[in-house]
1. P(r) of the range 1-73 in 10 Å steps, Cα pairs, percent per bin?
2. Using r as the Cβ-Cβ distance of Thr123 and Asp173, and R0 as 25 Å, what FRET efficiency do you calculate, to the nearest 0.05?
3. Calculate the FRET efficiency for Asn42 and Glu13 from the Cβ-Cβ distance with a Förster distance of 25 Å, rounded to the nearest 0.05.
4. Scale the Cα Rg of the range 74-206 by the rule-of-thumb value 2.2 N^0.38 Å and send over the ratio, two decimals.
5. Given an 8 Å cut-off on Cα distances and at least 6 residues of separation, report the relative contact order of the chain as a percent.
6. For the range 74-206, what relative contact order do you get, as a whole percent, if you take Cα pairs closer than 8 Å and at least 6 residues apart?
7. Considering the Cα positions of the chain, please state its Rg to one decimal place and its Dmax as a whole number of Å.
8. Ordered by packing density, taken as the mean number of other Cβ atoms within 10 Å over each peptide's residues, highest first, how do 64-70, 167-173 rank?
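Readers should treat all values here as calculations from the given coordinates under stated rules, not as data from a laboratory. Keep in mind that this is a model prediction, so the values were computed, not measured. Cβ sites come from the backbone with ideal geometry, for glycine too, and all protein chains shown count toward neighbours.
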Amino acid sequence: MKYEGVLTKMRTELTATVEYYLIWQDDFINMNQLLGKKISINFLKYQCLNCGLEKKIFRQGYCYDCFSSIPQAGDWVINPEKSRAHLDEEDRDLEYEKRSQLQPHVVYLANSSDVKVGVTRKTQIPTRWIDQGAHEAIEIVEVPNRYLAGITEVALKDHVSDKTNYRKMLTNDVVDLNLAEVREKLSTYIPEEAKEYYLANNKETEIKFPVLKYPEKVKTLNLSKSPFYEGKLQGIKGQYLLFEDGTAFNVRGHEGFVVELNIGL
C-alpha cells in the first residue's frame, strides 16, 4: 500500500490500548494495524500547514513567516502565563485569542518519564497526555481561562519538572507514582487566584500504548537530514513511531513535511 500527503500529528482515541490514526487529505490509516509491518518513509517536500506554500518548515508545521504572524503560534501558546485575552488585550488576533484562552483549562500532573506539570485546554484531555506519552495522569486544577492555568503552572514548576525526558519515555524507563499524593503535596503552592479551583478528588487516568517491544536505545529520525527510512514498526507512543532497529520517528515534529509512505508485509 502506498500513501502520499502532508504529515500532521496523529489523531488518537483512548481505549484499552490507545488507537492511533494518521490522517491524509482523503484517507486515513489505523496505525495500530501496522505493528510488525515494514514501513518506508520518503520525504518529498515541505508544505506549510497555514499558507500551503512549499516553504521550509520553521516550527509547529508552519513556515517562518506564518509562525511569526498567525495567532495559533503566539507566545502565549507555549507560555500560557503570558495570556492577555482576559484583560481584553490583543497579541495577534484578539477574537481568536478570546476563543482559545477564555475557556476551561486544566493544570495536570503526567508521568511520562517522571512526574511533570503541564497545561492544556479541558477539551484536549486525554489527548494531551497521550501525545506526551504519559502512562498515568491526574488533574490538579480546572480554571476558567488560560492565564490562571499559566500562573499556576509557573508556581508549581518551582517544585516539579515541566519537561519530559523523551528518551526515558520511549525506552519505557518509567516508574509508577501515586499522583494523588504528589498533587496533595503541591496544593499548598497553588496561587491564591486559583485555589478555589483545586480538584482534590479526581482519580488518575491510566494509559496503555500499542508497543510490541520497547527499544533499549533510541536514535531519532530527522527527515531533513535523512530523507528516506525503512524499518519494521514495533510500537507507537506519544507521537512517536518506534522501529525494530531503535529508530524513533516523531510524527508531530514533522508536521508540514510531505511524504510518501509505503507499507509492506
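1. 17, 40, 30, 13, 0
2. In this case the efficiency is close to 0.20.
3. Numbers: r = 28 Å, r/R0 = 1.11.
Once the sixth-power term is evaluated, E becomes 0.35.
4. Compactness ratio reported: 1.04.
5. For the chain, the relative contact order is 30 percent.
6. The value is 29 percent.
7. Both quantities, over Cα of the chain: 19.3, 57 Å.
8. Numbers: 64-70: 15.7, 167-173: 18.4.
For the peptides 64-70, 167-173, the packing ranking is 167-173, 64-70.
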